[in-house]
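Please read the structure below before turning to the comments.
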Amino acid sequence: MEIRRFRNGDESALLRVFFSSIHNIASADYTPEQIDAWAPKDRDPQLWASHISQLRPFVVEVEGEIAGYADVQPDGYIDHFFVSGSYPKQGVGTLLMKGIHEEAERLGLTELTSNVSKTAEGFFLRHGFHVVERGFPVRRGVTLQNALMRKVLEFVPQEQIRG
Ligand SMILES: CC(C)(COP(=O)(O)OP(=O)(O)OC[C@H]1O[C@@H](n2cnc3c(N)ncnc32)[C@H](O)[C@@H]1OP(=O)(O)O)[C@@H](O)C(=O)NCCC(=O)NCCS
């Protein structure tokens, strides 16, 4: 299992991961109507490609196949965090979380935030996030449930390590 940065050409594989993650994993916590509104089958691939290439997520590969991806933006906001329905509970999410924390340290970020699904809330809690407030975003006229979650990062400045 390895983590790398987004490469041009990943777009369609990441759309398949997004779709599979929502339809095969998050479907345990949302109704079929909510799942179809969140990850519709007719999503425009051009718009998707443009959005995902702007996010420039980290990508995890297992034996050459993309198994998950997640981004962190310069302000510490995590927009997407998805593991394929073919690779649940195998450590893909944990490796993505590690990549995000290392990037946050490189960027000198003081906090991470995300609007987290019901499915991922426990996972984010175990990685040190807390719920700030609950939200009810509307997608294609259907109300979903999520939670704004936040983690304050405390890095030891290099001067302190050097003494
Ligand atoms: C939430 C999500 C990202 C977690 O990804 P994941 O790859 O399953 O996460 P991990 O495998 O690292 O960890 C999940 C659990 O599997 C366990 N696990 C990890 N490797 C394991 C292994 N080799 N064998 C057995 N269990 C393992 C972990 O200990 C962890 O247990 P915990 O939940 O009790 O803490 C994933 O379920 C997902 O994509 N959900 C749907 C989409 C979604 O809602 N995304 C978030 C939008 S904000």
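Every number in this text was worked out from the coordinates using simple rules, so none of it is lab data. Quantities reported herein were computed from a predicted structural model and do not represent experimental measurements. A quick note on method: Cβ atoms are made from the backbone with ideal geometry, for glycine too, and the neighbour counts reach across all protein chains shown.
Place a +1 charge on the Cβ of each Lys and Arg in region 13-120 and a -1 charge on the Cβ of each Asp and Glu, then give the dipole magnitude about the Cα centre in debye, rounded to the nearest 20.
Rounded to the nearest 20 debye, it is 160 debye.
What does the charge count around Asp10 come to, taking other residues whose C-beta lies under 15 Å from its C-beta (Lys +1, Arg +1, Asp -1, Glu -1)? Walk me through the numbers before you get to the answer.
Numbers: positive: Arg4, Arg5, Arg7, Arg16, Arg56; negative: Glu2, Glu11, Glu61, Glu65, Asp71.
Counting the neighbours of Asp10, the net charge comes to 0.
Give me the angle, in degrees from 0 to 90, between the Cα long axis of helix 92-107 and the longest principal axis of the Cα atoms of the chain, rounded to the nearest 10.
Taking the Cα atoms of the chain, the angle to 92-107 is about 50 degrees.
Relative contact order (percent) for the chain, with alpha-carbon contacts under 8 angstrom and 6 or more residues of separation?
Values: 253 pairs, mean separation 36.0, N = 163.
It comes to 22 percent, rounded to a whole number.
Treating cross-link reach as a plain straight distance, find the lysines whose alpha-carbon is under 30 Å from the alpha-carbon of Lys41, omitting any fewer than eight places away in the same chain.
Lys89, Lys118
Checking the cross-link filter: which aspartates and glutamates have an alpha carbon closer than 16 Å to that of Lys151, excluding same-chain neighbours under 8 positions apart?
Qualifying aspartates and glutamates at Cα under 16 Å: Asp71, Asp75, Asp79, Glu102, Glu103, Glu105, Glu111, Glu121, Glu133.
For the chain, what does the helix formula give at 222 nm: sum of -39500 (n - 2.57) over DSSP H segments with n ≥ 4, over the residue count, nearest 500 deg cm²/dmol?
Counting only the DSSP helices, I get -11500 deg cm²/dmol.
Considering every Cα-Cα pair within region 81-140, what fraction, in whole percent, is farther apart than 18 Å? The partial results should precede the final answer.
Details: 759 of 1770 pairs.
For region 81-140, the fraction of Cα-Cα distances above 18 Å is 43 percent.
If you line up the long axis of helix 45-55 against the longest principal axis of the chain, both from Cα atoms, how many degrees apart are they, to the nearest 10?
Long axis of 45-55 versus the principal axis of the chain: about 10 degrees.
Please report the net charge: other residues with Cβ closer than 15 Å to the Cβ of Val62, K and R +1, D and E -1.
-2
Relative to the Cα centre, what is the charge dipole magnitude of region 72-163, using +1 at the beta carbon of each Lys and Arg, -1 at the beta carbon of each Asp and Glu, and rounding to the nearest 20 debye?
I would put it at about 440 debye.
Calculate the radius of gyration of the Cα atoms of region 35-163 to one decimal place, then report Dmax, the largest Cα-Cα distance, as a whole number, both in Å.
Reported Rg and Dmax, both Å: 16.1, 57.
Of the beta bridges DSSP finds with both residues in the chain, what % are antiparallel, to the nearest 5?
Working: 26 of 28 bridges.
If I count the DSSP bridges inside the chain, around 95 percent turn out antiparallel.
Compute the Kirkwood hydrodynamic radius of region 26-109, taking the inverse of the mean of 1/r over all pairs of distinct Cα atoms, and give it in Å to one decimal.
14.3 Å
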